[in-house]
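Structure first, commentary second.
Every read-out reported here was derived from the displayed coordinates using simple, explicitly stated rules and does not represent laboratory data. Remember, it's a predicted structure, so these values are computed and weren't measured experimentally. Glycine also receives a Cβ, built like all others from the backbone with ideal geometry; neighbour counts cover every protein chain displayed.
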Amino acid sequence: MSVNSSSTAAALALIADDMRGMDAVIEHRLSSSVPLVSQVSQYIIAAGGKRLRPALLLLACGALGYRGEQRFNLAAVVEFIHTATLLHDDVVDESTLRRGRATANEAFGNPASVLVGDFLYSRAFQMMVEAGDMRIMQTLAEATNVIAEGEVLQLMNMHDASLSEDGYLLVIRSKTAKLFEASARLAALLAQASPEVEQACADYGQALGTAFQVIDDVLDYDGDASEMGKNLGDDLREGKATLPLIVAMQRATALERDLIRQAIETGGTDQMAQIIAIVQQTGALQVTRDAAAAEAQRAVNALAAFPANPYSTALLQLASQLLERRF
């Protein structure tokens with residue numbers, strides 16, 4: 001999502017004070033008597049990023065009229081869980097660049113990244129217990145478990161050129177969209193909303209998270225590395241058969257299919273320019289963007305159950321602006 005978008009900036013400006021409240025919680029709860037824990041945690045948190053997941057929780061809280069202090073605590077929990085997954089992901093994927101600078105595993109080594117990721121997970125669970133609400137704990141525990149399953153599923157799918165669109169969607173709904181879904185559902189639980197509104201929150205979050213990841217996968221073949229803060233071709237290098245490649249193989253000639261299949265199976269990027277050309281010429285990027293647009297529309301539809309106010313308008317803007325995302 002382009003952070004230069006005026007409407008997106010306006011949406012996030014609504015919760016600027018709330019985000020500062022969350023930051024205060026994060027700073028307090030990152031403290032550890034073990035210096036390396038604090039050092040690595042601060043490094044990855046300070047890298048910034050869009051913080052869409054806690055922003056989603058805070059916007060949904062605003063939309064549903066919840067202004068209690070617990071929203072800061074749970075927004076921080078969501079950010080800790082997300083950060084832990086990033087630390088572990090970058091080790092598994094052997095990534096060297098995230099958000100325009102060296103990944104934590106590149107800067108501190110794999111063991112530190114994995115263990116500090118464990119610290120963030122366990123700190124998040126300490127904090128969610130403090131909320132004293134079984135449904136909140138259930139939602140976050142389930143989300144964390146599904147995310148872990150999604151990560152294992154993605155590992156199993158590495159270098160598998162036969163992955164179907166359904167298989168691809170299962171991974172991203174587990175690995176990425178589940179935390180978006182949980183973030184929005186938490187707002188409904190805090191607000192003690194009706195079951196119908198809670199389900200609408202969950203549907204909005206899942207759809208938004210799915211669209212977010214689908215567009216992210218487009219950018220690996222149609223993006224700018226300097227803007228994205230990661231290396232172009234990383235997905236292919238890691239052997240990931242994402243939707244642009246899946247669609248391209250469906251539409252390509254036999255020779256082009258073989259080229260893509262071999263690249264996925266070997267993680268080879270020697271033919272990257274040719275593969276990008278095939279992805280673009282087959283119309284795979286537009287098909288993928290259309291899939292993201294359908295998810296964004298599903299998110300918009302879910303908002304019909306929300307009260308009309310500036311916060312629900314901001315949630316609408318986030319879904320609408322998603323397709324303008326550039327990094």
Unit charges on C-beta of K, R, D, E only; dipole of the chain, Debye: 640 debye
Volume of the Cα convex hull of the stretch 154-197, divided per residue and given in Å³: 73 Å³
Cα-Cα P(r), the stretch 69-149, percent of pairs per 5 Å interval: 3, 15, 24, 21, 15, 11, 7, 2
Folded to 0 to 90 degrees: helix 310-321 orientation relative to the chain principal axis, Cα: 10 degrees
Pairwise centroid distance, computed over Cα atoms, of the stretch 235-277 with the stretch 144-189, Å: 22 Å
For a label point 7 Å along the Cα-to-beta-carbon line of Leu153, residues of the stretch 104-147 with backbone N under 11 Å: 146-147
Simple spin-label estimate for Leu115 and Gln262 in nanometres, 7 Å along Cα-Cβ: 4.4 nm
Column: log10 I(q)/I(0), Debye, Cα scatterers of the stretch 234-327, q = 0.15 Å⁻¹: -0.66
Viscosity 1.002 mPa s, temperature 20 °C, Stokes-Einstein D of the stretch 6-315 from Kirkwood C-alpha radius, µm²/s: 106 µm²/s
Between helix 177-190 and the chain: long-axis angle, C-alpha atoms, 0 to 90°, nearest 10: 10 degrees
